[in-house]
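Input: a single structure, listed below in structure tokens.
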């Protein structure tokens, strides 16, 4: 009985922490997401995928070169599919290394189920 109470307390604690973390995430709103990744938690301070460090060769539709930044939710996803709240930011560059565009993917629960809930 004591073990059951401890397990329930652990589960409740984990759910509370998860809800707090996800509560500070923006909804599927472009302005809120841009604020989040540029002001609240600047994406340029995030990690790269372990096998995709710094500038890499790219391909259409993005550009000939790119950098891909990922937040901890994406980085800590053990395997596909990535966790909800995962964000990937791709900086797309020209051959002369001029930034041309930024592409953002954000996994939002229930946003777009047929395409993996990516916003």
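Every read-out reported here was derived from the displayed coordinates using simple, explicitly stated rules and does not represent laboratory data. This is a predicted model, so every value here is computed, not measured.
Provide the gained length on full extension for the span residue 103 to residue 76, in nm with one decimal, where the gain is 0.36 nm per separating residue minus the Cα-Cα distance.
The residue 103-residue 76 span can extend by a further 7.6 nm.
Stick to Cα atoms and the Kirkwood definition of Rh, then tell me Rg/Rh for region 26-115.
Expressed as Rg/Rh, it is 0.97.
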